[in-house]
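See below for the structure under consideration.
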Amino acid sequence: MGFISDSLNRIQPSATIAISNKAMQLKAEGRDVIGLAAGEPDFDTPRNIKDAAIRAIEAGKTKYTAVDGIPELKKAICDKFRRENGLDYKPAQVSVGSGGKQVLFNALLATVNPGDEVIVPTPYWVSYPDIVMLAGGTPVFVAGSLAHGFKLQAADLEKAITPRTKWLILNSPSNPSGAAYSEAELKALTDVLLRHPHVWVLTDDMYEHLVYDDFRFTTPAQVEPRLYERTLTMNGVSKSYCMTGWRIGYAAGPEMLIKAMAKLQSQSTSNPSSISQWAAVEALNGPQDFIAANNKVFKQRRDLVVAMLNQARGITCPVPEGAFYVYPSCQGVIGKTAPSGNPIRTDEDFVTELLAAEGVAAVHGAAFGMSPFFRISYATATEVLEDACKRIQRFCGNLR
């Protein structure tokens with residue numbers, strides 16, 4: 001009998017974190033490395049949000065709070081859902097956790113039993129299948145092809161549903177592809193779900209505000225109100241509000257589920273940071289104009305990266321609708337040989353050799369369940385991105 005639990009042995013460490021750590025390690029050793037693996041805005045947290053945190057500290061708001069969020073933050077979340085998404089929730093229907101990942105973790109561990117299936121469209125955020133497996137469930141992967149913009153198709157969803165299906169996880173805009181579902185595309189999926197009342201929807205809207213080219217964001221419970229009672233709508237302040245390190249995620253859904261999630265959280269982390277919660281109140285209630293200003297910069301960076309990567313030999317980079325990632329195909333370089341003499345047989349070989357030869361850290365597509373692709377985050381300085389793309393062009397040009 002092994003000492004480490006079977007449930008832990010079912011999962012792997014986060015690939016994106018591992019590659020980011022590798023890049024930091026190489027930098028510490030003196031290597032000239034550009035890290036494009038982390039999904040983290042380079043913009044600072046807005047001043048008004050930081051000031052709210054300072055006021056909370058000075059006012060002594062440094063004690064334990066309610067397990068799943070202070071009343072003021074739950075009210076701000078309810079107001080946000082009503083104002084931006086047309087969704088009405090009571091504070092008792094809201095859960096606040098230490099980041100969106102904990103909210104997802106709580107929801108799945110509170111509901112998934114051994115043998116339950118969870119539909120995970122590919123490419124997926126690296127943590128979805130591992131959390132499902134940690135809970136004892138079975139992730140069922142359904143490919144969203146490049147031809148369909150990496151988006152799940154209604155017919156494929158219909159085929160994937162079985163009597164064991166408990167959840168569909170839907171992430172829009174997507175990490176890693178940046179793909180975002182239009183209202184019509186969501187409606188096609190929700191029509192399928194209406195025919196299968198045992199399937200719940202866990203929608204990850206973390207990149208809601210990061211959309212471009214006049215794209216209009218909608219979320220499943222907004223598109224199809226009849227799914228309201230079996231939808232958990234998750235969001236957070238990490239990406240749009242440049243608050244990754246503050247660790248605040250939240251979700252709203254049926255009160256029965258929210259109570260179950262709070263029960264689990266009460267025996268794990270207990271409450272999120274009290275100071276971070278007060279900062280999040282200000283984020284949601286305060287000025288929102290900086291989001292559009294940041295998005296203007298992100299769009300410029302997206303357009304630069306897409307254009308430059310499409311000039312790299314063997315690389316094809318589609319234009320994403322949202323988030324701050326591109327997910328290019330490296331099919332055109334598979335089978336070639338790197339300057340080191342090593343063959344490139346997979347997308348993991350590609351990013352490994354790219355890091356070794358040019359010091360650019362990206363994440364291989366296999367980590368997200370779809371090859372041969374790789375993910376680059378363009379949430380970094382424009383001049384750094386330009387340098388990185390030139391290095392990728394040079395690397396691809398040197399392949400034989």
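The values are calculated or read from the model by the stated rules, or taken from the named source; none is laboratory data. The model shown is predicted, which means the values in this text are computed figures rather than measured ones. Because the Cβ atoms are built from the backbone with ideal geometry, glycine has one as well, and the counts that use them run over all protein chains shown. Calculation scope for accessible area: heavy atoms of the full protein, side chains included, ligands and nucleic acids excluded. Shrake-Rupley method; radii C 1.70, N 1.55, O 1.52, S 1.80 Å.
Against the main long axis of the alpha-carbon atoms of the chain, helix 289-309 sits at an angle near 30°. Compared with the dominant principal axis of the Cα atoms in the chain, helix 15-28 is inclined by about 60°.
With a probe of 1.4 Å, find how much accessible area the chain has per residue, and write the answer as a whole number in Å². Mind dumping the intermediate values first?
Numbers: 16460 Å² over 400 residues.
Using a 1.4 Å probe on heavy atoms only, each residue of the chain averages 41 Å².
What does the C-alpha gyration tensor say about the overall shape of the stretch 1-126? Classify as rounded when a/c is under 1.5, otherwise prolate if a/b is larger than b/c, or oblate. Oblate is the answer for the stretch 1-126, as a/c is 1.5 or above yet b/c matches or exceeds a/b.
Bridge orientation summary for the chain: considering DSSP beta bridges with both residues in this region, about 45 percent are antiparallel. Using 0.36 nm per residue and subtracting the Cα-Cα separation, the extra length available between residue 303 and residue 27 on full extension is 96.6 nm. For residue 363, the residues whose amide H sits under 5 Å from its own are 375, ignoring neighbours fewer than 5 places away on the same chain, with H placed 1.01 Å from N.
Sort 167, 246 from largest to smallest accessible area, using a 1.4 Å probe on the heavy atoms of the protein chains.
Details: 167 5, 246 60 Å².
Ranked from most to least accessible, the order is 246, 167.
Using the alpha carbons alone, the radius of gyration of the stretch 20-70 stands to its Kirkwood radius in an Rg to Rh ratio of 1.22.
Close amide-amide hydrogen proximity is noted between residue 151 and 145, each under 5 Å apart and 5 or more residues distant or on a separate chain (H modeled in the peptide plane; Pro and chain starts excluded).
Placing pseudo-labels 7 Å out from each Cα toward the beta carbon at residue 7 and residue 47 gives an inter-label distance of 4.7 nm. Element breakdown for the chain at a 1.4 angstrom probe: carbon and sulfur atoms account for 55% of the accessible area. Using heavy atoms of the protein chains and a probe of 1.4 Å, the accessible area assigned to residue 289 is about 120 Å². Karplus-derived 3J(HN,Hα) values for the stretch 178-190, using 6.51 cos²θ - 1.76 cosθ + 1.60 with θ = phi - 60°, are x, 5, 10, 7, 6, 4, 5, 5, 5, 4, 4, 6, 5 Hz; glycine and proline are entered as x.
Relative contact order of the stretch 173-257, taken over Cα pairs closer than 8 Å and 6 or more residues apart, is 28 percent.
For n ≥ 4 DSSP H runs only, could you compute -39500 (n - 2.57) per run for the chain, divide by its residues and tell me the 222 nm figure to the nearest 500? Kindly include the intermediate steps, with their values, before the conclusion.
Numbers: 14 runs with 161 residues, N = 400.
Using -39500 (n - 2.57) per qualifying helix, the result is -12500 deg cm²/dmol.
Placing unit charges on the Cβ atoms of the charged side chains and taking the dipole of the stretch 55-193 about its Cα centre, the candidate lying farthest along the positive direction among 139, 150, 95 is 95. The lysines whose alpha-carbon is closer than 22 Å to the alpha-carbon of residue 239, local same-chain residues fewer than 8 away aside, are 50, 74, 75, 80, 101, 151, 296, 299. Taking all protein chains as they are arranged and a probe of 1.4 Å, the heavy atoms of residue 126 leave approximately 10 Å² accessible to solvent. For the set 358, 72, 58, 229, solvent exposure ranked by accessible area (probe 1.4 Å, protein chains only) runs largest to smallest as 58, 229, 72, 358. Roughly how many Å² of residue 134 are accessible to a 1.4 Å probe, to the nearest 10? Surface open to solvent at residue 134 totals about 40 Å². Once the chain from residue 18 to residue 228 is taken as fully extended at 0.36 nm per residue, the excess over their C-alpha distance is 71.9 nm. Taking Cα atoms only, the orientation of helix 382-397 departs from the longest principal axis of the chain by about 50 degrees. Computed over the chain, relative contact order equals 22 percent, with contacts defined as Cα pairs under 8 Å that lie 6+ residues apart.
The H on the amide N of residue 138, modeled in the peptide plane, is under 5 Å from the matching H of 115, 116, 117, 118, each at least 5 residues off or on a different chain.
Residues 36, 109, sorted by accessible area with the largest first, give 109, 36 [1.4 Å probe; ligands and nucleic acids excluded]. Dipole check for the stretch 1-108: with +1 at the C-beta of Lys and Arg, -1 at the C-beta of Asp and Glu, and the Cα centre as origin, the magnitude is about 260 Debye. 3J(HN,Hα) couplings calculated from phi for the stretch 355-368 with the Karplus curve 6.51 cos²θ - 1.76 cosθ + 1.60 (θ = phi - 60°) are, in sequence order, 5, 5, 7, 10, x, 10, 9, 10, 10, 5, x, 4, 5, 9 Hz; Gly and Pro show x. Rounded to whole numbers, the Karplus 3J(HN,Hα) couplings from phi for the stretch 46-62 are x, 4, 5, 6, 4, 5, 5, 5, 4, 4, 5, 4, 5, 8, x, 7, 10 Hz, using 6.51 cos²θ - 1.76 cosθ + 1.60 with θ = phi - 60°, and x at Gly and Pro. For the pair residue 215 and residue 130, label points projected 7 Å from Cα toward Cβ lie 2.5 nm apart.
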